[in-house]
1. Mind checking which pairs have a first residue in region 90-118 that is free of Cβ contacts under 8 Å to residues at least 40 places away in the same chain and a second that is basic (Lys, Arg) and surrounded by fewer than 22 Cβ atoms within 10 Å (Cβ to Cβ), Cβ under 6 Å, 6 or more apart or different chains?
2. Which of the residues spanning region 556-588 are part of a loop (DSSP other than H, G, I, E, B) and acidic (Asp, Glu)?
3. List the strands (runs of 3 or more DSSP E) that sit entirely inside region 191-235 and contain at least 2 residues that are farther than 17 Å from Ala145 by Cα and β-branched (Val, Ile, Thr).
4. Would you kindly identify the helices (runs of 4 or more DSSP H) lying entirely within region 418-502 that contain at least 2 residues that are modelled with pLDDT of 95 or more and crowded, with 21+ Cβ neighbours inside 10 Å?
5. Test each condition in (1) surrounded by 17 or more Cβ atoms within 10 Å (Cβ to Cβ); (2) assigned to a helix (DSSP H, G or I) for Ala547 and report the one that comes out false.
6. Quick check on this structure: which one of Arg621, Arg636 is among the basic types (Lys, Arg) and surrounded by fewer than 20 Cβ atoms within 10 Å (Cβ to Cβ)?
7. Could you please find all residues in region 568-586 being touching a residue at least 60 places away in the same chain (Cβ under 8 Å), out of contact with any helix residue (DSSP H, G or I) (no Cβ under 9 Å at 6 or more places or on another chain) and small (Gly, Ala, Ser)?
8. Mind telling me which of the residues Ala534, Ala540, Ala516 ends up being modelled with pLDDT of 95 or more and either among the aromatic types (Phe, Trp, Tyr) or out of contact with any Pro (no Cβ under 6 Å at 6 or more places or on another chain) (or both)?
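The values are calculated or read from the model by the stated rules, or taken from the named source; none is laboratory data. Here the structure is a predicted model, which is why all the values come from computation and not from measurement. Note: ideal-geometry Cβ built from the backbone for every residue, glycine included; neighbour counts use all protein chains shown.
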Amino acid sequence: MQVGNKEFMDQQTRFLASVSQRHSISTLSRRHTMVLDDAHQKFLQGVFINESDADPTNPVMAKKLHDEFSHQYSVTELEIPLVIDGTEAFTPETEFGIDPSDDGAIWYRYCVAQMNDVDTAVQSAGLAFSQWSNRDVQERAQILADAALLMQSQRARTIAVMSRDAGKTFTEADPEVSEAIDFARFYALSAITKEVDSTALGVVLVVPPWNFPYAIVAGGVCAALASGNAVILKPAPETVATSWLLVNQLWESGVPREVLQFLPTRDDEVGKYLVTHTGVDAVILTGAFETAIMFTQWKPEIHLMAETSGKNAILISASADIDNAVKDLVQSAFGHAGQKCSAASLAIVDSSVYNDPAFRNQLRDAVESLTIGFGRDFSTAVGPIIHPPQGALERALTILDPGESWLVAPRQIDESGYLWSPGVKFGVTPDSWSFEHEWFGPVLGVIEAPDFDSALDMQNRGDYGLTAGLHSLDVQECEKWIDGVQAGNLYVNRGITGAVVNRQPFGGWKRSSVGATSKAGGANYLSNLRNWQAFTSLQASKEAATAWWDTVGSKSLDMSELKVERNYQRYRAYGNVVAICCDEDVDVQIREYITWISDLVGTPIRWCAPDDVIINCDKVRWLSEQRPPVVELLERGITVDSRPVAARADVELPRWLHEQSVSIVNHRYGNVGAGPHPQLR
């Protein structure tokens, strides 16, 4: 730029304009006056966009939060009933709900169901199912849209309830409300495309976890309702108050109480009776892999849709930006005190970084700078754990195996054991206890890898495949990792938690997924909540399958359209064989169609007889009239899909593929488009 040239004159004009406008320009916050796209209005146009999170610096929102926190933390005598056949029932059998931010103090009691209550609820749901499923899908969708609006208006209340019920901080609870709203709208719109050639399953039991007490509950319930099913909600015993708030929002929005029944139980014989009840047509579970096995042992023929455990790692290569890598690693490991199935409990670090004192000092400083406190305090970064530590978490917090050492030793902060400072242990190895076990708490294990290829091999070695992360500025490393890592949700140069509906549909591979299920918040989830017309025409199915494969299945599609982040949804062929067990008289056209699908999508298959010993496979497609050995296979990490081959190609083909979400940061230090640009193969 030189005096008098075009660039100089442009800057001069800007400067003089700013001087002349200095007394008239608005001093209002742009952040507070920004007009965002209205997700509800977009919904009415048949378009889904994600709900925006709240702004706690906005005076209006700040006051709502203050008022709701004051109110919810003053509640001492809340009593929560069962709701069966549309009627509240207060029973003599009760349990109590505690506040993990107050040394486990009791703040509510909830009724628990007995076996006769289970029978009544299941019968009532079965009777209500037909009327609900026969309602026009647009009507069901509108009810869920109304629920989304109510969730939106009660955001501050929900955040406060989650804070007291689960110890959630604002930064963890607020996006959870947005996710629940997204589930309601996304599934409402998705259901409209799922009505043709299908019918609803019937009565769906939702068994959610306590760590996402609002969003995951909303996801399961709204998916089942949108699909035309009646729902029984068995809330997590630790967070019944949050589930109670959600069902009241849904009822107030127009979901009939007979269609959505609220049935807390203990995890005892009554709970088992509910899970295995003959009137329950499907179970949506989010929990441990061991829980999925237990449910299957109880009822081998169970129709189970389960998102299960994760043992997730971030790979930090020699080419990483260490500042960003440490920031994302710490957030991924210790957000919500590490109590996420997606959390990073392992870091696999290249030797050149692992042994660098600067990396260790930076990681130590980042962890030790985290504020430990209660969920209601806005300054808290790491809140309380849901129970005083026991089992795997207690071992992770208190025991070092040979060769391990604490970079940051965890400390118990309070007398009751709910508050712990995070711990970071170095010297973890791929054959150690810490490498293999999920502990669900604020501990990070760090592993040294001699090179990139060894690190990737370690990352793929475990039994689970839920989330995985990479920090590297090397494009070739990024592409090799994206092509080779075995997990359902991949994250490049960012944290590995916080999946967003339709942006990063969530669900894993290997033992992180059990049963006939698909990614939550993705295009295929509702397909599992409908019974589909069976295959009849080879030619018609082939033509539809080819069209789906050419436009969707073979593509990496970015549904988010963000500039600062690329988010791809894609399908991957199974790396190992899918075994197909069928009787000798199976339709020859079905055999031909499946063989053709295998050639089209690249998933290897092996035909088996029902009595064959099934080994060395990723999945079993059971098309025989005989009973499948579901328990035996699941105990070896092999899931069984016993549904008939569907006529609709967009329903059938995804059953032969892994779903995968890939999220890649597309900025660097605020510069959009900077950083590596790996391409997906």
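1. Partner pairs satisfying both residue conditions: Thr94/Arg109; Phe96/Arg109.
2. Glu561, Asp583, Glu584, Asp585, Asp587 - these are the residues of region 556-588 that are part of a loop (DSSP other than H, G, I, E, B) and acidic (Asp, Glu).
3. Output list reads 203-207, 230-233.
4. Output list reads 452-460, 475-484.
5. In the conditions (1) surrounded by 17 or more Cβ atoms within 10 Å (Cβ to Cβ); (2) assigned to a helix (DSSP H, G or I), Ala547 misses (1) alone.
6. The conditions single out Arg636.
7. Residue satisfying the conditions is Gly575 alone.
8. On the way: Ala534 fails: either among the aromatic types (Phe, Trp, Tyr) or out of contact with any Pro (no Cβ under 6 Å at 6 or more places or on another chain) (or both); Ala516 fails: modelled with pLDDT of 95 or more.
After ruling out the rest, the residue left standing is Ala540.
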